[in-house]
1. Would you tally the residues in segment 311-328 being in contact with a Gly (Cβ under 9 Å, 6 or more places away or on another chain) and of a type outside the set (Ser, Thr, Tyr)?
2. Considering only segment 105-133, how many residues are more than 29 Å from the chain's Cα centre (by Cα) and of a type in the set (D, E, K, R)?
3. From the residues in segment 219-261 that are open to solvent by 20 Å² or more (accessible area, probe 1.4 Å) and aliphatic (A, V, I, L, M), which one is nearest to ARG15 (Cα to Cα)?
4. Hey, PHE216 hits all of (1) modelled with pLDDT of 85 or more; (2) open to solvent by 70 Å² or more (accessible area, probe 1.4 Å); (3) under 30 Å from LEU354 (Cβ atoms) but one; which does it fall short on?
5. Picking from GLY68, GLY110, which residue would you name as being open to solvent by less than 20 Å² (accessible area, probe 1.4 Å) and closer than 21 Å to ALA155 by Cα?
6. Under the condition of being buried (at least 17 other Cβ atoms within 10 Å of the Cβ) and in contact (Cβ under 8 Å) with a residue 24 or more places away in the chain, which residue from segment 28-49 is nearest to GLY248 (Cα to Cα)?
7. Being in contact with a Phe, Trp or Tyr (Cβ under 6 Å, 6 or more places away or on another chain) and either in contact (Cβ under 8 Å) with a residue 60 or more places away in the chain or not in a helix (DSSP H, G or I) (or both) narrows it down to one of ILE224, ILE220, ILE195, so name that one.
8. Could you please give the count of residues in segment 190-206 that are touching a helix residue (DSSP H, G or I) at 6+ places or on another chain (Cβ under 6 Å) and open to solvent by less than 40 Å² (accessible area, probe 1.4 Å)?
Amino acid sequence: IAKEAHHGMIQVILRGLGQGFASAGLPSVVNIIVQILAFQWEGFYGLVLLACASQACTGWQATLAAYGAVANNANRLVHLTTVNEMAHHRANVAATIGTTTSHNGKCIAGQNCFFATTALLGALLADKYTTLGQNFQQTVGQELSEFTRAGLLAAIIFTMLFLANTLTSCITMAKLVTAFCKDNPDLVGPRADKIFPASHIRPLSNLVSFASIECFRLTISPMIQTFGAPLVIGQLFGFKGLLMLVSGGNSVAFSLNMFLINAGQAWDAARKYILFGMLRSEKGEVIGAESEVYETLGIGEQIGGPLEDLTGPALNNFIKFVALTSFVTSSLYDQFPTNSWPWGLVQIAINFMLVSFFKWGLALTVREIERLLRERRERIEYEEGTVMLREIELREKQIEEKVIETTGGVNEDEVALY
């Protein structure tokens, strides 16, 4: 990507997408082969063992991801606090390794999620058919019916809706932070009475507090959508449709996860390839961060950041919660939706209203309440004369500043004369 970035932004975007699509193929094929072998050797018990073996790698995955975060943060601190070239070089090397390990940690997390969801799917199947008095080990495969096809299509639809929800939430968060910084320069600007880095501690604290509250608010809508998916499909298409929702959603989420993480990482790594001085021209000259190629790669990093760090890993939580909710609420669903499909339509309406409220309505409600409280406070201050006193103090301060500017000092007689 870095070597072809001189062709322009379109080339950068298309090459990154191509890298992501190509990288999702091999892991998906490996998962198919491994699951087939596990089921052929030990049946459902083999799938559970496969999930347990995958979860045993959680410590390894956490170590890789943690090292990547520490190395990248250390690299930023070194570049902010020292001008030593050797320290910069060592920090760049650590960040290069850290970026790779962090990426591997995210991929392993996706693999763990896939096999954990497979185990939950087996538990869901066993629990439901045992309750119905059937031998779940004899229910290998699902006959192709209108309900199973609908469940598979619903898995794709709900996964795409979740992706759209998280990406638009990311855009909304960026707009909110930008507006907060623009409207509150006194809260987020560096303090004039402190020196760096103490001058930035309080502004960063204010910014983090605001961003944390808004982030929590924006997570409610995707959570409701996640929990609502099994309730809608289970009652609208029955238990067979629910099985295909979890099974198909697991496969779709894993493939998309690998695509999003790898595409985002490819864009990010391409820019760091230039930032760390690893790209050279045909004449052997180093192409650095001041080049036009580095600026061109910025578009890829801006797109890849949300994909690699937000949307891709979020799919892991999405499909795990879908499977867990399906397992907990399995008693609510019949084999066929003869009697439950009207409740499925009701669930669609409820889910749509809740998602819409927490995505847009909650912010509008909070903004309206803040406006009413502000108007009430201003009215009380006007009645008590607080506004007049504040205007007098402001006027006196302006007079003092004008006197200082014209005479070089403050004289009480001159202030009174003004």
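The values are calculated or read from the model by the stated rules, or taken from the named source; none is laboratory data. Keep in mind that what you see is a predicted model, and the values were worked out from it rather than measured. Every residue, glycine as well, gets a Cβ built from its backbone with ideal geometry; the counts of neighbours run over all protein chains shown. Heads up: the accessible areas ignore ligands, DNA and RNA and are worked out on the full protein's heavy atoms, side chains in. Shrake-Rupley method; radii C 1.70, N 1.55, O 1.52, S 1.80 Å.
1. Number satisfying all stated conditions: 8.
2. The qualifying residues number 2.
3. Here is the first cut: in segment 219-261, the ones open to solvent by 20 Å² or more (accessible area, probe 1.4 Å) are 219-220, 223-224, 227, 231, 235-237, 244, 247, 251-252, 255-256, 259.
Still in the list and also aliphatic (A, V, I, L, M): 220, 223-224, 231, 236, 244, 252, 256.
Numbers: ILE220: 34, MET223: 33, ILE224: 35, LEU231: 39, LEU236: 41, MET244: 33, VAL252: 22, LEU256: 17 Å.
Going through the qualifying residues, I end up with LEU256.
4. Status for PHE216: all satisfied but (1).
5. Details: GLY68 fails: closer than 21 Å to ALA155 by Cα.
Just one listed residue meets the conditions, GLY110.
6. ASN31
7. Working: ILE224 fails: in contact with a Phe, Trp or Tyr (Cβ under 6 Å, 6 or more places away or on another chain); ILE195 fails: in contact with a Phe, Trp or Tyr (Cβ under 6 Å, 6 or more places away or on another chain).
Every option except ILE220 fails the conditions.
8. First pass over segment 190-206, keeping only residues touching a helix residue (DSSP H, G or I) at 6+ places or on another chain (Cβ under 6 Å): 190-191, 203, 206.
Checking the rest, the ones that are also open to solvent by less than 40 Å² (accessible area, probe 1.4 Å) come to 203.
The total comes to 1.
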